[in-house]
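Structure first, commentary second.
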Amino acid sequence: MTRLVESDIDTVVDEMAKLDADFLRSTGATLAEIAEYAVGANFGEIDFNVKTSVVPITSGLGIIGGFAQTVAGILQHIGVDAFVTEHSDVWGSYEGRLNSKCQFAADDDWFMAANNESNKISENGYATGIGFAAALVLAAKKQGRNLADEAILVAGAGPVGLAAAKFITKKGGKVTLLDIDPTKLENQPYETLTTTEGRKFSLVLEATTSKDVINIHNTSSDVIVSAPGVPLGVDEKLAEGLCTKNTLLFNPLELGTATMMADVLYTKDLL
Ligand code: PYL
């Protein structure tokens, strides 16, 4: 997982309305609705209005400027009564548990949400995977495309890619899983590749930490790309073209965070 820097997220909260508008154009759903679809809920089924604390964590490489405030801002946008605790680390966790139903915190390796009443927890890798997979499935549906007729690539066999592959398969898609490390492809229930040489895909979920994995050589002209990978793993020229057609779904923190919230509030797991 790539560690975000302040400049990756410093405009996120100001651009939440634009994100919803972009999502509606490409998927027919808002950020909150994509998160609901990801966890198996109907649009509007989850009541997001719950007191939720976000705890800054100083361990390891320390605080990312604006990270906790950005998480709280994303949550507030989908209707959560979210706040950043006054204190960090264990004191902040204690303060949060006294004053909220749900709690978010991230160190250098894990970003976790917990529901203090139901004890349901959600981890960012899994949630990001199902969230971006949900967005990809909804985008295909919006174009009237049948998953069964699509050549679907999941690039990256890490936690995000594997959660996405499982979600897409559950929705009727036949996934091809790509990773440069063949050991990550062992015992996977999909067609597996270490290169896309000679192949073209029409639906792509890019979940690697590399650049330029996805390009004009391995994608069809009507490709839709859902890209949780940071940095964006899509060739710049292709990315520009996809943006003009609203067929590139990419954001550094928003969809994973919203899906974590839906995941800790909703009980019927889809996977
Ligand atoms: C959760 C993000 C998504 C992509 N990379 C992950 C990342 O950057 N993790 C590090 C988060 C550190 C937060 C810091 C703070 O400000 O509380 N401990």
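The values are calculated or read from the model by the stated rules, or taken from the named source; none is laboratory data. A quick note: this is a predicted structure, and the numbers were derived from the prediction, not measured. Cβ: placed from backbone, ideal geometry, glycine included. Neighbour counts: every protein chain shown. In case anyone asks, the SASA skips ligands and DNA or RNA and just uses the protein heavy atoms, side chains included. Shrake-Rupley method; radii C 1.70, N 1.55, O 1.52, S 1.80 Å.
Summary table below
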{"item": "Within the chain, longest stretch free of exposed trypsin sites (Lys or Arg not before Pro) [DSSP loop, at most 13 other beta carbons within 10 Å]", "result": "4-210"}
{"item": "Label-point separation, Gln188 to Ala148 (7 Å along Cα→Cβ), nm", "result": "2.5 nm"}
{"item": "Estimated distance in nm for a label pair at Ser220 and Arg3, the labels positioned 7 Å out from Cα along Cα-to-Cβ", "result": "4.1 nm"}
{"item": "In Å², nearest 10: area of Tyr190 left accessible to a 1.4 Å probe", "result": "40 Å²"}
{"item": "Residues whose placed amide H lies under 5 Å from that of Val223, excluding near-sequence neighbours", "result": "none"}
{"item": "Label-point gap, in nm, between His87 and Asn246 - each point 7 angstrom along Cα→Cβ", "result": "4.8 nm"}
{"item": "Cut-off under 5 Å, modelled amide H: who pairs with Val84 long-range", "result": "Val54"}
{"item": "Percent accessible area from carbon and sulfur atoms, the stretch 1-51, protein chains only, probe 1.4 Å", "result": "48 percent"}
{"item": "The stretch 69-178: GluC sites (Glu not before Pro) in DSSP coil with no more than 15 other Cβ atoms inside 10 Å", "result": "Glu86, Glu117"}
{"item": "Of all accessible heavy-atom area on the stretch 64-127, the percent that carbon and sulfur account for (1.4 Å)", "result": "53 percent"}
{"item": "Under 15 Å from the Ile63 label point (7 Å along Cα→beta-carbon), backbone N, the stretch 72-108", "result": "72, 84-93, 106-107"}
{"item": "Set of the stretch 1-16 residues, backbone N closer than 15 Å to the point 7 Å along the Cα-Cβ line of Asp181", "result": "1-2"}
{"item": "Partners for Lys237 among lysines (Cα-Cα distance below 18 Å; same-chain residues under 8 apart left out)", "result": "Lys200, Lys211, Lys245"}
{"item": "Residue-averaged [θ]222 nm for the chain, counting only DSSP H segments that reach four residues, each worth -39500 (n - 2.57)", "result": "-11000 deg cm²/dmol"}
{"item": "Derived scalar couplings ³J(HN,Hα) [the stretch 23-36; Karplus, 6.51 cos²θ - 1.76 cosθ + 1.60; whole Hz; x for Gly, Pro]", "result": "5, 4, 5, 8, 10, x, 9, 7, 3, 4, 5, 5, 4, 5"}
{"item": "Charge tally in the Cβ shell below 13 Å around Ala134, where Lys, Arg are +1 and Asp, Glu are -1, Ala134 excluded", "result": "+2"}
{"item": "Phi to ³J(HN,Hα) by Karplus 6.51 cos²θ - 1.76 cosθ + 1.60 over the stretch 214-229, Hz, x for Gly, Pro", "result": "9, 8, 5, 6, 10, 9, 7, 5, 9, 5, 10, 10, 10, 10, x, x"}
{"item": "Per-residue ³J(HN,Hα) for the stretch 76-90, Karplus 6.51 cos²θ - 1.76 cosθ + 1.60, θ = phi - 60°, Hz, x for Gly and Pro", "result": "4, 4, 8, x, 7, 7, 9, 8, 8, 5, 5, 10, 9, 6, 5"}
{"item": "Per residue, in Å², the accessible surface of the stretch 1-140 once ligands and nucleic acids are set aside, probe 1.4 Å", "result": "44 Å²"}
{"item": "Set of aspartates and glutamates near Lys166 by C-alpha distance (under 19 Å), chain-local residues within fewer than 8 positions excluded", "result": "Glu36, Glu123, Asp149, Glu150, Asp179, Glu186, Glu191, Glu206, Asp263, Asp269"}
